[in-house]
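I have placed the structure first, in the form of structure tokens, so that the comments after it can refer back to it.
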Amino acid sequence: MRPVGSKYLLEEPLGRGATGTVWRASQREAAGAEAAVAGRPGETVAIKVLKEELANDADVVMRFLRERSVLLRLTHPNIVRTRDLVVEGDLLALVMDLIDGPDLHRYLRDNGPLTPVAAALLTAQIADALAASHADGVVHRDLKPANVLLADPDGAMRPMLTDFGIARLADSPGLTRTHEFVGTPAYVAPESAEGRPQTSAVDIYGAGILLYELVTGRPPFAGGTALEVLHRHLSEEPRRPSTVPEPLWTVIERCLSKDPDRRPSAENLARALRTVAEGIGVHASAAQIAAADGVAALLAPDPAPTAVPEIPGAADPTQVLPSNAGSYDPNGATSVLPHSGGPGAGQADPTAVLPPVPPRPAGDPRPEDPHPWQSQLRAARDRNEQTQVQYLDPSEDPLRRRPQRRQQQPPQQPRDRQQGYQQPQRQQPQQYGQQQRPQQYQPQPQQQYQPPQRQQYQPQPQQQAYAPPQQPQQPQRAPREPRQRSANPMKIPGLGCLKGCLFTLVLLFVASWLIWELTPLKDWIGQGQSYWHAITDAVTTVKDWISDLGGSGSGG
Ligand SMILES: Nc1ncnc2c1ncn2[C@@H]1O[C@H](COP(=O)(O)OP(=O)(O)OP(=O)(O)O)[C@@H](O)[C@H]1O
């Protein structure tokens with residue numbers, strides 16, 4: 001059993017999702033005033049321990065603390081209550097009420113689709129929860145059956161919406177820049193899929209998909225790769241299954257409208273669904289049937305939908321390639337999509353999974369702008385550009401450059417965290433001065449995609465950043481000339497040996513010619529003398545010549 005903070009003890013894992021692991025846990029002692037629910041020692045709770053990469057991201061930690069009050073004050077009979085938030089070292093955890101029941105995804109898998117009436121009533125309760133959270137300025141953004149837990153307090157199944165704010169926490173620029181984007185393709189609204197501004201209408205779209213799935217057993221846009229599913233959200237109209245009554249279909253269709261402004265508010269959705277449930281039941285009166293038939297009139301849109309605050313640099317699903325692109329499971333957990341700009345080692349080729357460019361909805365980005373899908377395709381192509389062989393100046397050769405040691409900076413604690421109610425026990429591995437973060441992050445708008453410059457080596461900005469600013473600059477050593485090993489740049493095997501042989505032959509030829517011309521060899525050969533005879537003759541001649549010289553000297 002592992003302690004979480006000083007107040008909780010993890011007992012056993014209940015399940016694992018894309019953003020963390022949920023544990024059954026027990027309360028050791030009552031929580032402090034900062035918790036929404038103090039709790040009693042021995043009480044059982046559920047604790048979602050967020051993934052390490054979320055907990056290690058300074059943006060996530062800061063948002064976690066900033067939105068603490070919003071998450072803790074969200075209370076509704078159909079929302080799983082968040083009791084406490086724990087920040088301890090590099091651990092982030094949400095303490096929730098333990099719901100003793102399956103989630104809706106598992107329930108559907110085990111029991112099959114619901115009747116239209118049951119589906120309408122269950123979704124009406126979810127719409128109630130959404131209406132409450134939207135009124136509080138909170139948009140869920142990851143509505144799906146797996147995030148609806150089914151409490152069964154008195155035999156009546158009560159849906160409880162969970163994971164509020166988690167999608168937003170995970171939507172961190174720091175995280176998405178280097179790693180992943182969190183979202184669920186089968187439930188993503190078209191405006192989210194296109195990277196357009198989002199409002200609370202994305203939750204209504206999610207509710208429409210969920211309602212469709214409750215009555216049919218599967219979401220309307222599923223199958224194929226994750227990108228194909230996103231494409232279908234943008235371009236395809238759902239078709240009415242024969243089992244869905246007309247008034248219920250009217251509601252589903254309006255929720256799944258591509259235009260967020262046509263979707264009803266959560267409050268109107270709840271009212272409309274209850275009207276439909278009454279009108280399509282077997283005991284419905286004529287008035288109830290008539291009301292259900294006129295349900296379209298109840299589906300007025302929200303005049304002031306809650307806006308999802310834009311996070312600069314947060315991942316855009318059209319700019320990402322799903323890690324599971326080749327084997328997308330519509331019923332799986334929240335898909336984690338790696339960012340296209342990040343290290344793409346080991347990823348599938350996106351050009352292999354991209355569907356054709358979908359028709360552009362009227363009034364959307366200007367026609368001259370490249371469509372997000374096209375930008376993605378181009379980025380993928382640029383990534384696959386051929387390697388070019390070229391001369392590299394030795395001073396720019398990263399392999400020759402001397403390594404620069406990164407200067408250790410004294411560890412800093414973020415202000416938010418220091419002010420938090422749980423003092424960190426361990427130091428964060430990351431450095432995240434609050435002043436530096438916004439400057440370090442460079443959002444990359446998709447429309448201004450710059451193909452990578454491959455012709456010139458760009459000095460790595462990271463290495464510049466590592467240079468300690470205060471220390472005197474070491475004199476830069478002049479770049480060494482590349483060593484000339486040979487005048488001939490071509491390296492022909494055996495060329496050296498061949499040159500040696502040729503040189504020896506020339507020497508031999510010259511020496512033979514000199515001997516032939518400067519010695520009486522040719523006379524001797526002409527007279528037919530033997531070699532030794534000729535030598536003896538020559539020696540005798542020389543001796544006679546010397547004695548002649550000596551004689552004439554003494555005589556004279
Ligand atoms: N408050 C809770 N009480 C009891 N069980 C819970 C609670 N919250 C979550 N669970 C269970 O824990 C499991 C994991 O939940 P989690 O929310 O992490 O996963 P998910 O919603 O399936 O995935 P994702 O992170 O993709 O949304 C689920 O099976 C869910 O039923």
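Quick look at the numbers
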| quantity | calculated |
| --- | --- |
| Placed amide H near residue 79: partners under 5 Å, 5+ positions off or other chain | 161 |
| Derived scalar couplings ³J(HN,Hα) [the range 207-220; Karplus, 6.51 cos²θ - 1.76 cosθ + 1.60; whole Hz; x for Gly, Pro] | 5, x, 5, 4, 5, 4, 5, 4, 8, 10, x, 8, x, x |
| Cross-link table 7/51; 51/258; 499/522; 48/144, entries beyond 26 Å C-alpha to C-alpha | 51/258; 499/522 |
| For the range 230-246, Karplus couplings with θ = phi - 60° (6.51, -1.76, 1.60), whole Hz, Gly/Pro x | 4, 4, 5, 4, 7, 10, 9, 8, x, 9, 6, x, 5, 7, 9, x, 3 |
| Anisotropy class of the range 53-95 from Cα gyration tensor, a/c 1.5 cut | prolate |
| P(r), alpha carbons of the range 187-230 - 10 Å bins starting at zero, rounded % | 28, 51, 20, 0 |
| Spacing of the two label points (7 Å from each Cα toward its C-beta) at residue 284 and residue 34, in nm | 5.2 |
| Residue exposure sequence - 19, 199 - by fewest surrounding Cβ within 10 Å | 199, 19 |
| Sorted by Cβ neighbour density within 10 Å, fewest at the top, the residues 184, 306, 504, 225 | 504, 306, 225, 184 |
| Packing rank of 266-273, 533-540, where each peptide gets the mean count of other beta carbons within 10 Å, highest leading | 266-273, 533-540 |
| Residues with amide H under 5 Å from that of residue 14, placed H, sequence gap 5 or more | 22, 23, 24 |
| Karplus (6.51, -1.76, 1.60) ³J(HN,Hα), θ = phi - 60°, over the range 290-297, in Hz, Gly and Pro reported as x | 5, 5, 5, 5, x, 4, 4, 5 |
| Segments 102-109, 290-297, 82-89 sorted - mean Cβ within 10 Å per residue, highest first | 82-89, 102-109, 290-297 |
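Bear in mind these aren't lab numbers, they're just calculated from the coordinates by the rules spelled out. These numbers come from a predicted model, not from an experiment. Because the Cβ atoms are built from the backbone with ideal geometry, glycine has one as well, and the counts that use them run over all protein chains shown.
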